[in-house]
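In what follows, a single structure is set out as structure tokens and then discussed.
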Amino acid sequence: MQKHKFLLVIFIFITQLVTAAKIDTVYFQNGNKITGEVKIMENNLLEFSTDNAGKIKIEWSEIDSIYIKQRIRIEHSDGRVLFGTLKPTEKPKVAILLKDDMTSLTLKHINIATIAPDDLNFFTRFDGKVSSGFSYTKASELGRFNFAGNMLYRHNMNQFEINYSALTERENENRNEKQNGGIQYIRLLPRKWFLISQLFAESNSELNLQLRANYVLGVGNTLIYTNHSVMYVAGGLNTNRETTSDNSTFNLEGAISLNFSVYKYSSPELSFYFKGTVYPSINNLGRYRTYLESTLSWEVFDDFFFKWSFYHDFDNRPLNSEDPLSDWAIGLLGIEYKF
């Protein structure tokens, strides 16, 4: 019995130490402050967990200073990835990062693009979102149900992302659908460079595409990286196996992509995303494919968003000459949940 009491006391003591070590503080210009735990800061929004108010969101630009006692991972606007704890200075919107080797680095808030805890808990390193809605497409000139899911894992200099999307319509015995899913790995490099590897598959009944299995290997550079916006370009090679109802072939293509995201968190809270990719064929000169997609979303409740979306898929020389050259869809109304 005494042994059990002793172990209980030790457990409570250790728990209190761990909890105390994770008390972070946010200071505002009016002198107010709140304590709790930093969950993540990205897209110019800090998610902060408190005992009394639960999880709250604070616009990063509204914070005067911050004290983070837990070990965190910071992505700097110049592309560096930094680790340590953060404490305020006498100057507003300026902090000192105390690194693992006990050296310090002065950081301006405006140059901190993301903050995430870097503890040993594997599951806390995940972010994700799911969405569904109603789309109008070229394929049917009718409404179709759409679903999409995304999960992102960050650790040290590595990022893994899994995504899947589908648009489906059933009319009598006919079923039209478009599916796309796969995994992406990014290795961050100095000076905003990164290596990228993608493995994904896609199908589109409107284009008579039963399956296209792709593997992309390339390199990219982040042109803009702030807590308000991100823009990067990437290029590489794409090898794929393409199968239609009566044909199948191997392709070697180039892959050139532009990605842009921008965030606005005041009246109303909006975010916009655009991606455009061109695939010029190498083994079939003169053929090229393009894929465009964009989304616009605004938050209506905590972690719930209304969403507008668009995509356009084009192939100037499909495997079968009688197949359509393009397909597109507009997401008229969607709901997205971020977890």
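The values are calculated or read from the model by the stated rules, or taken from the named source; none is laboratory data. Computed from a predicted model, the values in this text were never measured in an experiment. Cβ atoms come from the backbone with ideal geometry, glycine included; neighbour counts cover every protein chain shown. The area values use the complete protein model at the heavy-atom level, side chains included, leaving out ligands, DNA and RNA. Shrake-Rupley method; radii C 1.70, N 1.55, O 1.52, S 1.80 Å.
Averaged per residue, the range 286-339 has 51 square angstrom of accessible surface, using a 1.4 angstrom probe with ligands and nucleic acids left out.
Here is the list for the range 271-339: GluC sites (Glu not before Pro) lying in DSSP coil, each with at most 16 other C-beta atoms within 10 angstrom of its C-beta, are Glu322. Cα gyration tensor of the range 214-277, axes a ≥ b ≥ c as square roots of the eigenvalues: rounded (a/c below 1.5), prolate (a/b > b/c) or oblate? In terms of gyration-tensor shape, oblate.
Summarising the amide proton neighbourhood of Leu223: residues at separation of 5 or more, or on other chains, whose placed amide H is nearer than 5 Å comprise Met231, Tyr232, Val233. For the range 290-299, 3J(HN,Hα) computed residue by residue from phi via the Karplus equation (6.51, -1.76, 1.60; θ = phi - 60°) reads 9, 9, 10, 8, 8, 9, 10, 9, 9, 7 Hz, glycine and proline entered as x. Which percent of the accessible area of the chain is formed by carbon and sulfur heavy atoms (probe 1.4 angstrom)? Accessible surface attributable to carbon and sulfur in the chain totals 62 percent. Alpha-carbon geometry of the chain: the Rg and the Dmax are 23.6, 83 Å, given in that order. Once backbone amide H atoms are built at 1.01 Å from N, Lys39 has Glu47, Phe48, Ser49 as its partners under 5 Å, excluding neighbours fewer than 5 places away on the same chain. Whole-Hz Karplus values for the range 24-40 come out as 9, 10, 10, 10, 10, 5, 7, x, 6, 8, 9, 10, x, 9, 6, 9, 5 Hz, taken residue by residue from phi with 6.51 cos²θ - 1.76 cosθ + 1.60 and θ = phi - 60°; glycine and proline positions read x. A simple rule links phi to the HN-Hα coupling: the Karplus curve 6.51 cos²θ - 1.76 cosθ + 1.60 with θ = phi - 60°, which for the range 108-116 gives 7, 4, 5, 8, 8, 7, 9, 9, 8 Hz, with x for Gly and Pro. Protection proxy ranking, highest mean first, for peptides 196-207, 100-111: 196-207, 100-111, where packing is the per-residue count of other beta-carbon atoms within 10 Å, averaged.
Contact order for the range 181-276, expressed relative to its length and based on alpha carbon pairs under 8 Å spaced 6+ residues apart, stands at 19 percent.
Rounded to the nearest 0.05, the FRET efficiency derived from the C-beta distance between Thr290 and Phe126 at R0 = 30 Å is 0.40.
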